[in-house]
Amino acid sequence: MAKIFCIANQKGGVGKTTSTVNLAAGLAKVGQRVLLVDLDPQGNASTGSGIDKRQLELSVYDVLLGSATVAQARVQSPKLLDAGCGYDILGANRELAGAEVEMVALERREKRLKTALAQVEGEYDFILIDCPPSLSLLTLNGLCCAHGVIVPMQCEYFALEGLADLVNTIKQVHANLNKELAIIGLLRVMFDPRITLQQQVSEQLKARFGDKVFNTIIPRNVRLAEAPSYGVPGVVFDPSAKGSQAFVAFAQEMVERVQKM
Ligand code: ATP
Ligand code: MG
């Protein structure tokens, strides 16, 4: 059975999508079967995985509204398969923004993704969900089906402030909707060791959250930022780049964590 993880942080631009696509590629590279669910109407995880979001015949939108199954809507990217880092993608595009409103009238509206994923859980080792930068009904659907949340964060002062809101939301979902949900870990991303403040915040995180902070640190690395315009994760675009190597190390750390769960 797959372990399901949300990559979430209600702050925008903190590295959620970069973490999701590179973790997916890293896990695939070390032999794991992976489904990536793009739960953001921006569709960045789809594009970053080599999927043309405007050409999607079926997407996570159809799955949430019950007009398609995951098996019907998932797609693959030939570029990733060729690189030996293939994973399945349940894509998203702007249409998904409407789902938020349309789902309000539906039954069990926060459990629609959970119900849909239950049919394919046996086919994967990992299901990774790229959440939008909000604590919306879409994010709630992600949190309701996940075993854990991975929180990418930059080591900056305001990062800690935003974390409190996310922790509260996760506590509420845990209490009311999903007893399995836990914060798996905080992932330090876009890290620049030359900046003293980043080192200080990194130490504060370790002191406060202990082993909830992943050992792997993702450095700021331009190759990771360049990769999406080529429609592949950095791990595929430039495997020797420091950022790519960090994500493969993170994939290995996740495999080890899951064995202990
Ligand atoms: P949103 O909230 O809009 O969904 P996000 O949290 O998914 O954003 P990303 O899109 O992953 O964030 O990253 C934001 C920007 O930072 C992108 O331009 C991305 O290429 C860049 N970026 C992410 N991680 C790194 C890194 N480790 N090194 C350099 N640039 C990075
Ligand atoms: Mg994103």
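No lab work stands behind these numbers, since they all come straight from the coordinates. The structure presented is a predicted model; accordingly, all values stated were derived computationally and were not measured. All Cβ positions, glycine included, derive from the backbone under ideal geometry; neighbour counts span all protein chains shown.
Quick one: dipole size for segment 3-260, taken about the Cα centre, charges +1 on Lys/Arg Cβ and -1 on Asp/Glu Cβ, in debye to the nearest 20.
Details: 27 positive and 27 negative charges, 103 e Å.
It comes to approximately 500 debye.
On each of the three principal axes of the Cα atoms of segment 113-157, give max minus min coordinate, whole Å, ordered largest first.
41, 23, 13
Over what distance in Å are the Cα centres of segment 4-24 and segment 125-165 separated?
The two parts, judged by their Cα centres, are 7 Å apart.
May I ask for the net charge around Ala68, where only other residues with Cβ less than 15 Å from the Cβ of Ala68 are counted and Lys, Arg are +1 while Asp, Glu are -1? Walk me through the intermediate numbers first.
On the way: positive: Arg74, Arg112; negative: Asp38, Glu57, Asp62, Asp88, Glu95, Glu102.
That sum, taken over residues with Cβ under 15 Å, equals -4.
For segment 80-212, just list the percent of Cα-Cα distances falling in each 10 Å bin from zero outward, please.
10, 34, 32, 20, 3, 0
Once you have a ≥ b ≥ c as the square roots of the Cα gyration tensor eigenvalues for segment 1-152, tell me rounded if a/c is under 1.5, and otherwise prolate or oblate according to whether a/b is larger than b/c.
Values: a/c = 1.38, a/b = 1.32, b/c = 1.05.
Rounded is the answer for segment 1-152, as its axis ratio a/c remains below 1.5.
What does the convex hull of the Cα atoms of the chain come to per residue, in Å³, rounded to a whole number?
Cα-based convex hull of the chain, divided per residue, equals 112 Å³.
Take segment 194-254, compute every pairwise Cα distance, and split them into 10 Å bins from 0; I just need the percent in each bin.
22, 39, 31, 8
Only Cα pairs within less than 10 Å get springs; with that Gaussian network setup on the chain, which residue of Ala24, Ala105, Ala251 has the largest fluctuation?
Taking springs between Cα atoms under 10 Å, the residue moving most is Ala105.
Give me the net charge of Thr17's neighbourhood, meaning all other residues with Cβ under 11 Å from the Cβ of Thr17; Lys, Arg count +1, Asp, Glu -1. Mind dumping the intermediate values first?
Numbers: positive: Lys16; negative: Asp38, Asp40, Asp130.
Charge balance in the 11 Å sphere: -2.
Write down the percent of antiparallel bridges among all DSSP beta bridges whose residues are both part of segment 3-260, to the nearest 5.
Values: 2 of 27 bridges.
Here the antiparallel bridges make up roughly 5 percent for segment 3-260.
As I understand it, the dipole of the chain uses +1 on the Cβ of Lys and Arg and -1 on the Cβ of Asp and Glu, about the Cα centre. Which of Ser136, Gly48, Gln252 lies farthest toward its positive end?
Final value for the positive-end residue is Gln252.
Return a single number: how many Lys pairs in segment 3-260, at a sequence separation of 8 or more or on separate chains, have alpha-carbon atoms below 16 angstrom apart.
Counting lysine pairs in segment 3-260 gives 10.
How about segment 193-261: which trypsin sites (Lys or Arg not before Pro) there lie in a loop by DSSP and see at most 13 other Cβ atoms within 10 Å?
Within segment 193-261, the qualifying trypsin sites (Lys or Arg not before Pro) (loop, at most 13 other Cβ atoms within 10 Å) are Arg194.
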